[in-house]
Structure formats: structure tokens, C-alpha cells
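A.B. asks: Questions regarding the structure given below will be posed in turn.
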Ligand code: DX5
Ligand code: ZN
């Protein structure tokens with residue numbers, strides 16, 4: 001089994017002090033930093049793009065886990081690689097050429113991820129399993145933080161885990177993750193947990209550390 005990773009989504013952080021927020025969550029024990037990029041087209045909200053990520057890069061050595069909720073994604077992959085993203089995740093629904101997108105990300109020297117909306121079946125990734133490094137199961141409809149976890153996604157996580165088998169692929173869950181459901185999500189086979197509002201409802205590094213620890217303890221059972 002792969003190590004448990006906590007990936008705080010800075011979508012819920014204080015945007016006026018993002019550099020400090022990133023340093024604080026990493027000091028609080030988070031392994032990854034989850035970067036939610038939204039275009040107002042693939043999802044009904046706009047967040048930030050490569051320039052903001054580039055500005056954050058000098059603030060930490062932690063893995064930048066970039067979740068692209070943009071369509072098309074391919075024309076921007078190089079910009080996100082240049083900005084310092086370590087993992088670049090595209091949505092399977094965002095374009096007709098998922099295999100090409102994944103190949104492009106790997107050719108840029110980055111880890112390639114694919115994200116699936118709640119209604120999208122796992123079968124869309126069946127034939128690209130050897131071309132990806134991460135599967136991101138959306139447990140809310142993407143676009144906004146602070147939504148409720150969709151319970152039917154636990155079964156989808158378990159099925160994704162079975163599909164992965166012994167391949168070196170991280171299984172990440174994003175949306176409505178809390179200390180209350182982290183155990184169920186991890187038991188189904190997820191090893192990377194995104195949490196936005198659960199972490200950033202606290203204020204500052206001590207609060208963040210408490211939540212990161214609680215999520216990890218719950219997930220590690
Ligand atoms: C939703 C984003 C998530 C979101 C998670 O579109 O992809 O990363 O910010 O936020 P919470 O943890 O509040 O559901
Ligand atoms: Zn996300």
C-alpha cells in the first residue's frame with residue numbers, strides 16, 4: 001500500500017496571503033499542496049492560473065498537486081509545468097484526447113493525473129492505466145469548495161483501487177473530505193486526501209496541524 005498523503009486545497013485559503021498560507025500548511029505536516037485551477041467554462045467558477053502558481057513556487061519544496069478544471073487543457077500544460085507543478089491532473093471530460101494529454105504531461109517531465117467527475121464511469125481510464133501516475137476521484141461536482149461528500153463515491157473509490165492493482169498509481173479523493181469520512185475513504189483504498197474547507201476553516205499553522213493530524217489518524221485508522 002502507498003503512503004498516506006494529505007493535500008490541502010488552497011482554494012479555501014486566504015488569497016491575500018497565499019505564500020504564507022502555503023508555508024503554514026506544509027509546516028503543519030501536509031505532504032502536497034492542492035492547486036485548483038478553474039476557468040469559468042469547464043466549471044462555473046474562476047480561481048487562478050499559472051502565474052499565481054509560479055509566484056507560490058519559491059515558498060515551499062512540497063509537491064505541487066495541480067488539479068486542472070479547464071477545457072481545453074492541452075494548450076496550457078507546458079505553462080503549468082513551467083510554473084512548477086509536480087503533478088498535473090486533467091479531467092477526462094475536458095477533451096477528446098485523454099491519452100494525448102497524459103503523454104504530453106509525462107513528456108514535460110511531470111506526473112500525469114486524470115480526474116473523473118462523480119457521474120463519469122471508471123471505464124474511461126481502463127485503457128490508459130499505464131499512462132498515468134494518479135487517479136483523482138471527485139467526490140463533489142467540481143467548481144466550489146465546502147460541498148458535501150457524495151456517499152456513492154466510496155464504492156467508486158473501491159473499484160478504482162481494484163483497477164489499479166499493483167501499479168504505482170496514487171488514488172486521490174477530492175471534495176467534502178472531513179475527519180468524519182476520512183476513515184471510510186481510506187478503507188476504500190484512497191491514499192491521497194484533498195481537504196480545503198476542513199483545513200482552512202482553522203486560522204494559522206497550529207489549527208492546520210491539528211486538522212492534518214486528525215485527518216491522518218482517521219485515515220490510518
Ligand atoms: C472542487 C475542488 C476541491 C475543493 C475541495 O472543485 O476541486 O479541491 O476545493 O474543497 P473542500 O475540501 O472544501 O470540499
Ligand atoms: Zn481539486
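Bear in mind that the values in this text are calculations on the coordinates, not laboratory data. Every value quoted in this text rests on a predicted model; they were computed, and no experiment measured them. Cβ atoms come from the backbone with ideal geometry, glycine included; neighbour counts cover every protein chain shown.
A.B. asks: Roughly what would the spin-label model give for residue 166 and residue 97, points 7 Å off Cα along C-beta, in nm?
C.D. replies: 3.6
A.B. asks: For residue 180 and residue 128, calculate 0.36 nm times their separation in residues minus their Cα-Cα distance, and state this gained length in nm to one decimal. Each step should come with its number before you reach the end.
C.D. replies: Details: separation 52, 0.36 × 52 = 18.72 nm, distance 3.29 nm.
Result: 15.4 nm gained on full extension.
A.B. asks: What FRET efficiency do you get for residue 74 and residue 150 if R0 is 35 Å and r is their Cβ-Cβ distance, rounded to the nearest 0.05?
C.D. replies: Values: r = 28 Å, r/R0 = 0.81.
For residue 74 and residue 150, the calculated efficiency is 0.80.
A.B. asks: Also: Would you mind calculating the gained length between residue 107 and residue 158 on full extension (0.36 nm times residue separation, minus the Cα-Cα distance), in nm to one decimal? If you can, show how the numbers build up before the last one.
C.D. replies: Working: separation 51, 0.36 × 51 = 18.36 nm, distance 2.99 nm.
Gain in length upon complete extension: 15.4 nm.
A.B. asks: Taking every DSSP beta bridge with both residues inside the chain, roughly what % is antiparallel (nearest 5)? Could the numbers behind the result be given before it?
C.D. replies: Values: 1 of 32 bridges.
Just about 5 percent of them are antiparallel.
A.B. asks: For the pair residue 82 and residue 2, how long in nm is the line joining their label points, each one 7 Å along Cα→Cβ?
C.D. replies: 2.9
A.B. asks: At q = 0.08, 0.10, 0.14 Å⁻¹, what log₁₀ I(q)/I(0) does the chain have when each alpha carbon counts as one equal point scatterer in the Debye sum?
C.D. replies: The computed values of log10 I(q)/I(0) come out as -0.24, -0.38, -0.78.
A.B. asks: Now for a separate question. Is the C-alpha gyration tensor of segment 1-48 telling us rounded, prolate or oblate? Criteria: a/c under 1.5 is rounded; beyond that, a/b larger than b/c is prolate, otherwise oblate.
C.D. replies: Numbers: a/c = 4.14, a/b = 1.39, b/c = 2.97.
Verdict is oblate for segment 1-48.
A.B. asks: Follow-up. Once label points are set 7 Å from the Cα along Cα→Cβ at both residue 213 and residue 45, what is their separation, rounded to one decimal in nm?
C.D. replies: Distance between label points: 2.9 nm.
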